[in-house]
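The values are calculated or read from the model by the stated rules, or taken from the named source; none is laboratory data. Every value quoted in this text rests on a predicted model; they were computed, and no experiment measured them. All Cβ positions, glycine included, derive from the backbone under ideal geometry; neighbour counts span all protein chains shown.
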């Protein structure tokens, strides 16, 4: 993804980046090319909701669940995902 | 200290290869085809690896596509729950094979690049027509939707073309580019005089990478493996001995790193005879340099001892004949200045290669820094 993520972006994990239940370590890991990532609980909450929705919609959903200010949640979502996007671990659904 | 589970398995399926690269990381004494593990044995190793906590398998060689059962090996690795990476030169792939590998569950391909200039690439790899076949393979791999990491091994004879290497990575649609300076073990150590770049050339290449990285952010991730003779601190080889990866050779020999066999006196267990979990926890070769107790000064009291673990044991062995010495690539090693002088001298050396091949009496890689 070339552009910085915004509230309107609709990022997805590409087929070659998989969330995996790691029974040995008792946590969810993200398997990616030449990398294993150990996402924090916040990142996992966000990643689980990426299905082609816009990040604005993702933030709306999380607001309802966690009763936190929307701008704070959207900031967290963008922060968590931009890092993954920069590493090439997110792709954008073409409209 | 609690032992954490390993993360990666490097599975060297074969030492056979149609290329003859003079920096090959395989041993000087190559394992012959008749001693290779069969499909079912690899399947069992993958299941044991996953139970031990391994998450990714890197199917390597030699050239792993020489194994006619590679599709089945991929399928068994995937069935065990592993993320499956294929490390290949690409020169034997065709459209049907790529489709079958994808179908079997392959996740990612690491494609090697010898050079961007076809004549030079084919001289380095020692195989005619290899470059065009590789570019074809890259196209086929992308067409089935698999991601590519382009792995360019750099040295004096191709380093001036690093900008074109970046362009090639973009042109083939690679997701990642690894610009990896040659590491001097095995065949590369034999060929060091033909491969070592002068420091000015390394600085120019570094500037190209530093310019390209921010410009290509979001399009191409560039990893840069520094030439460690010229580095300030050594690389934390394999993330620390017996700490995160296991290598299994073609014949089933389990090693803490793919060059560990160069250290005399280490006893390696075989996955055909012992469970992988036992080897990981108790195998004497894995225990040999775990932790920090084996260290000498200046490593023993160094604040970086758990960051780079004294550097590389195999390099310490190759250069000083003592596998517990500080890696001379470290600027804190008392031998570092002599290593730099050696690198400077080698960078002016003869460009002819000793190509890798199966032989009864392998060439000798010397240990120049040891007192004679």
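Among the conditions (1) in contact with a helix residue (DSSP H, G or I) (Cβ under 9 Å, 6 or more places away or on another chain); (2) buried (at least 22 other Cβ atoms within 10 Å of the Cβ), residue B:108 misses just one, which is (1). Of note, residue A:31 satisfies the criterion of being surrounded by 19 or more Cβ atoms within 10 Å (Cβ to Cβ) and either within 14 Å of chain B (Cβ to nearest Cβ) or free of Cβ contacts under 8 Å to residues at least 12 places away in the same chain (or both).
Quick check, is residue B:65 more than 14 Å from chain A (Cβ to nearest Cβ), in contact with a strand residue (DSSP E or B) (Cβ under 6 Å, 6 or more places away or on another chain) and either crowded, with 19+ Cβ neighbours inside 10 Å or in a loop (DSSP other than H, G, I, E, B) (or both)? Against the criterion (more than 14 Å from chain A (Cβ to nearest Cβ), in contact with a strand residue (DSSP E or B) (Cβ under 6 Å, 6 or more places away or on another chain) and either crowded, with 19+ Cβ neighbours inside 10 Å or in a loop (DSSP other than H, G, I, E, B) (or both)), residue B:65 qualifies. Which of the residues that make up the stretch B:192-224 are in contact with a helix residue (DSSP H, G or I) (Cβ under 7 Å, 6 or more places away or on another chain) and without any contact (Cβ under 8 Å) to a residue 24 or more places away in the chain? Within the stretch B:192-224, B:217, B:218 qualify. Filter the stretch B:1-43 down to the residues that are closer than 23 Å to residue B:152 by Cβ and within 14 Å of another protein chain (Cβ to nearest Cβ), then identify the one that is surrounded by the most Cβ atoms within 10 Å (Cβ to Cβ). In this case the residue turns out to be B:8. Of all residues in the stretch B:73-127, those being closer than 16 Å to residue B:158 by Cβ and part of a helix (DSSP H, G or I) number 8.
When you scan the stretch B:45-59, do you find a residue that is closer than 30 Å to residue B:120 by Cα and within 17 Å of the chain's Cα centre (by Cα), even just one? Let's see the steps before the verdict.
Going residue by residue through the stretch B:45-59, those that are closer than 30 Å to residue B:120 by Cα are B:58-59.
If we keep only those that are within 17 Å of the chain's Cα centre (by Cα) as well, we get B:58-59.
Within the stretch B:45-59 (the criterion being closer than 30 Å to residue B:120 by Cα and within 17 Å of the chain's Cα centre (by Cα)), the answer is yes, since at least one residue qualifies.
Checking each residue in the stretch B:128-142 for being at negative phi and either assigned to a loop (DSSP other than H, G, I, E, B) or within 14 Å of chain A (Cβ to nearest Cβ) (or both) picks out B:128, B:141, B:142. Taken over the stretch B:148-175, the criterion of being crowded, with 20+ Cβ neighbours inside 10 Å, within 14 Å of chain A (Cβ to nearest Cβ) and modelled with pLDDT of 95 or more is satisfied by B:148, B:149, B:150, B:151, B:169, B:174. Residues of the stretch A:1-35 that are within 15 Å of the chain's Cα centre (by Cα), part of a strand (DSSP E or B) and more than 13 Å from residue A:55 (Cβ to Cβ): A:18, A:19, A:20, A:28, A:29, A:30, A:31, A:32.
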